[in-house]
Structure formats: structure tokens, C-alpha cells
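Novice: Can you keep this structure in mind? I'll have questions shortly.
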């Protein structure tokens, strides 16, 4: 069962609310205590022989860290900067300090590295950006410098990973759900208190097109109260291209115009993906959703095949890498992947200048 659905069921019961609040207080106490140790210098961040830019957030869930990390890598590469991405690799089977590396025509599978690193790898093919996957980001960063001569490291989902010293902290805030219900996990979605924004050098509001101008202005004002001098940029998630998963061909987005399709997503906010498909002019006949990071089985895809008619399937890069072996033989229909990019619609010059200073 999806964690959010499980939480909703617990919130419907008085004992469940008490349990979640108790766990939330414990989580918050632990997060704030750890942060205080770093603030006081009792815990120290370690440096590597490269500049470090961190892409992170305050909440659990889909604020857009992965497309932001891709945009940061492409921005740096456009300036001729040798760049690598460091990722924890959520859900990968390897334990301990083992490092998986994805670079250009890497043969590593998503099971070795995790679905989000593999998605970044697909979007950055040909850019010469190695992606090093390990919970030990300091060791991975050192390897990126020694083996790939990386001058700038992008720390993906690293705002709470304060063990690695960074030069630029970019914090993403989902404009449609900015502060995780104002409660720590698991009662809410906060991983850190909002005042942690004081450490940010840039704040990027994602999904800024999903709220009204008045609400956007109010959110900007709240951020200003938390950190008066931080630049606040605005961004949207925009469709980039359509990928035919069976032929590896890139197709124009217009290919979806007027097409009846079935969507399949196991991401943090599948509704946003589904709405994007509809805005591209497709007619969505069925919407299939699974919990975030779900690993599909042949039985599940077989059920979809039986119940969804012959309409083409549209999914995400994060999902397609978690299809099981044999899916091509099972799904006779077309299977498309919608590639999504982060577009800075307000403050792009600030983004470029901040990253350019790391070169």
C-alpha cells in the first residue's frame, strides 16, 4: 500500500493520529538536534578536491530534484566544466560503501544503481557526465575527482547530507505543497524545519504554474521572512520529448495529439504526470498508479495488458527502468516514455550566474 494512503487511514483514527504525532515529534527532535551539532561545529563537514553544488529540499516527495540535477549538469557542461553527479541511489540492492558508476554507454542496470540515477543517466547520455551512486558521497566524490577529473560535483538530494562540504546549496520548494503540511515525517512531509532555509544560497519554486499569482506572492513573502536575502527563482516542469521504449527513437510531443492512451506511473505525484499528458492533447482512457519506486512484475503488466485494450502506454523514465525482463514480449502495444525537464521561468540569469561562479 502507498505510504500516503496508509497515513491517511491512520489519520482517520484517533490512535493513529497520536501515533503519527509521536513519531513526528521524535523525528523532528532528531533532525533538529543533528542540525544543531553541525551549526555549533561539533559535527564537521568534510571537503573534497572539487567544488560542490547541492540540489535538495525540505520535504519528502516529488519537488523535482532529479530534473533540477540534470539541468544543473547541463548548465555546467555548456560552460565547459567537467561535472559529475553524486547520488545515494534509493532502492538499489547494493549495501555498504560499494560505488556504482553510470557514464555514457554504461552497461550497468537500474537494479545496480537505483531508478533515479538511471533516469538521470538516460537524460544525460552523450554529455559526458558520470553518475556515481553510493551512500558514501564523500568517497564517491573523491573517486569522481580522481578517475573522471571532475571539477564540480552535483550532490543530488543532499540538503540534509551535511557531512559533505558544499559551495552552493540550491533548495527546491514545491509551490503547490511548500512545507509538507507543516509537520515532520511521518505526520507531515517535512524532513527539516523551514528555518533550515537559512543555509540556502538559492531557492527554486517548482510547479509555480500550479498556484495562483496571489498564492505565489504569499509564498515568496514567507520565504523572505525565513531568509531575507536568498534569491527566489520560479520554475515549471515541462515536457521535453517522447521516447519510444521499443525502438529507442525520439518522437515529437505532437505525436500524442488526439491519441487515446493509458498512463502508468509509480512516482511521488502521478496526477501531475497525468495532467501533463492531457495538456499535450492525448485522451487518457485509463490511469494506472502504484506507490513511488514500485518494482513492476510481469503479472501486473499482464493485468494492464488485459484490461487496457490496445491503447498505447505512456509512462516515465523512472518507471520504464523498473519494468521486469520480458516486458517487451508481454506488451504488444506501443510503449512511450515522456521525458520531462525543469524550466526556470523567472531568474534563469541568477541560476546561470550562480553555477558559473563554480567553474
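Novice: Do any helices (runs of 4 or more DSSP H) lying entirely in region 267-353 carry at least 3 residues that are within 18 Å of residue 62 (Cβ to Cβ) and outside the structural domain of residue 170 (by TED's automatic domain parsing), and which ones are they?
Specialist: 270-279, 317-320
Novice: Here's a follow-up. Among the candidates 8, 87, 24, which residue alone is surrounded by 13 or more Cβ atoms within 10 Å (Cβ to Cβ), outside the structural domain of residue 156 (by TED's automatic domain parsing) and either at pLDDT below 95 or touching a strand residue (DSSP E or B) at 6+ places or on another chain (Cβ under 6 Å) (or both)?
Specialist: On the way: 8 fails: surrounded by 13 or more Cβ atoms within 10 Å (Cβ to Cβ); 87 fails: outside the structural domain of residue 156 (by TED's automatic domain parsing).
Of the residues listed, the single one that is surrounded by 13 or more Cβ atoms within 10 Å (Cβ to Cβ), outside the structural domain of residue 156 (by TED's automatic domain parsing) and either at pLDDT below 95 or touching a strand residue (DSSP E or B) at 6+ places or on another chain (Cβ under 6 Å) (or both) is 24.
Novice: In this structure, does residue 242 turn out to be touching a helix residue (DSSP H, G or I) at 6+ places or on another chain (Cβ under 7 Å) and either in contact (Cβ under 8 Å) with a residue 12 or more places away in the chain or farther than 30 Å from residue 60 by Cβ (or both)?
Specialist: The answer is yes for residue 242.
Novice: Ok, one more. Of the residues 37, 42, which is part of a helix (DSSP H, G or I) and farther than 19 Å from residue 136 by Cα?
Specialist: So the residue among 37, 42 that is part of a helix (DSSP H, G or I) and farther than 19 Å from residue 136 by Cα is 37.
Novice: Take the residues of region 216-237 that are modelled with pLDDT of 95 or more and assigned to a strand (DSSP E or B): which is farthest from residue 272 (Cα to Cα)?
Specialist: This residue is 232.
Novice: Got at least one residue in region 206-215 being farther than 19 Å from residue 347 by Cα and in a loop (DSSP other than H, G, I, E, B)?
Specialist: No, every residue in region 206-215 fails to be farther than 19 Å from residue 347 by Cα and in a loop (DSSP other than H, G, I, E, B).
Novice: Filter region 281-293 down to the residues that are surrounded by fewer than 18 Cβ atoms within 10 Å (Cβ to Cβ) and touching a helix residue (DSSP H, G or I) at 6+ places or on another chain (Cβ under 9 Å), then identify the one that is modelled with the lowest pLDDT. Lay out the reasoning, then the answer.
Specialist: Taking region 281-293 and keeping what is surrounded by fewer than 18 Cβ atoms within 10 Å (Cβ to Cβ), we get 281, 283-287, 289-291, 293.
Of the ones still in play, those that are also touching a helix residue (DSSP H, G or I) at 6+ places or on another chain (Cβ under 9 Å) are 281, 284, 286-287, 289-291, 293.
Numbers: 281: 97, 284: 96, 286: 96, 287: 96, 289: 94, 290: 93, 291: 88, 293: 81.
Only one residue tops the list, namely 293.
Novice: Hey, another quick one. Scan region 248-262 residue by residue and report those that are closer than 15 Å to residue 340 by Cα and assigned to a strand (DSSP E or B).
Specialist: Scanning region 248-262 gives 250, 251.
Novice: Run down 148, 187 and say which single residue is out of contact with any helix residue (DSSP H, G or I) (no Cβ under 8 Å at 6 or more places or on another chain) and not assigned by TED's automatic domain parsing to the domain that holds residue 35.
Specialist: Numbers: 187 fails: out of contact with any helix residue (DSSP H, G or I) (no Cβ under 8 Å at 6 or more places or on another chain).
The unique qualifying residue is 148.
Novice: Now for a different question. For region 51-77, which residues satisfy the criterion of being surrounded by fewer than 20 Cβ atoms within 10 Å (Cβ to Cβ) and modelled with pLDDT under 95?
Specialist: 60, 61
The values are calculated or read from the model by the stated rules, or taken from the named source; none is laboratory data. These numbers come from a predicted model, not from an experiment. Here Cβ is always computed from backbone atoms with ideal geometry, including for glycine, and neighbour counts include all displayed protein chains.
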